[in-house]
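Encoded as structure tokens, the structure appears first; notes follow it.
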Amino acid sequence: MATVELRFSASPEHVRTARLVAAAVARRAGVEESVLDELRLAVGEACSRAVGLHAAHALDTPVRVTLSEGEKAFSIEVGDDAPPPGGQRAEGPGDGEADQLGLAVIRGLVDDVQVTSDARGGLIRMSWPAKPPSLA
């Protein structure tokens, strides 16, 4: 399984780069072309959410993106270092409206998505079916 890791400073101008890298790696992994626009949007939402959380908590650590190519699936993880208020940040009642809207958009774009958080930060895991290109 091939993996690409991307770390970028929590700044909005880097979100576009993350979207472009994700689409390129997904295409190489065999994700269908018809899904790439939705994948780009989902990655953009997840990265924008992480950037916003880092800004809200005045964190200077990077946002983490991991792109993994599996045998039958392509997955993306977007991680942040924001602390969870009340221990339930990713899905809890203390979330901001914009945060909840971003999660709703991601869930609308991705069939297989998991949102988790703990004392180390939050993580959004997304995956799509992939058919590795056959070697001709």
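The values are calculated or read from the model by the stated rules, or taken from the named source; none is laboratory data. Here the structure is a predicted model, which means the values were calculated and not measured. Heads up, the Cβs are rebuilt from the backbone with ideal geometry, glycines too, and the neighbour counts pull from every protein chain shown.
Looking only at residues that are part of a strand (DSSP E or B) and β-branched (Val, Ile, Thr) in region 2-24, which one is surrounded by the fewest Cβ atoms within 10 Å (Cβ to Cβ)? Per the stated criteria, the residue is 3. Restricting region 25-72 to residues that are among the small types (Gly, Ala, Ser), outside any loop (DSSP other than H, G, I, E, B) and in contact with a strand residue (DSSP E or B) (Cβ under 9 Å, 6 or more places away or on another chain) leaves a set whose member that is farthest from residue 114 (Cα to Cα) is 29. Beta carbons closer than 7 Å, at least 6 apart along the sequence or on distinct chains, pair a first residue in region 101-119 that is farther than 19 Å from residue 31 by Cα with a second that is among the acidic types (Asp, Glu) for 102/45; 105/45; 115/91. Considering region 55-89, and only residues there that are at pLDDT below 95 and surrounded by 21 or more Cβ atoms within 10 Å (Cβ to Cβ), the residue that is nearest to residue 27 (Cα to Cα) turns out to be 82.
Every residue, every condition in (1) β-branched (Val, Ile, Thr); (2) touching a residue at least 24 places away in the same chain (Cβ under 8 Å); (3) closer than 14 Å to residue 77 by Cα, yes or no:
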{"residue": "9", "(1), (2), (3)": "no, yes, no"}
{"residue": "18", "(1), (2), (3)": "no, yes, yes"}
{"residue": "29", "(1), (2), (3)": "no, yes, no"}
{"residue": "33", "(1), (2), (3)": "no, no, no"}
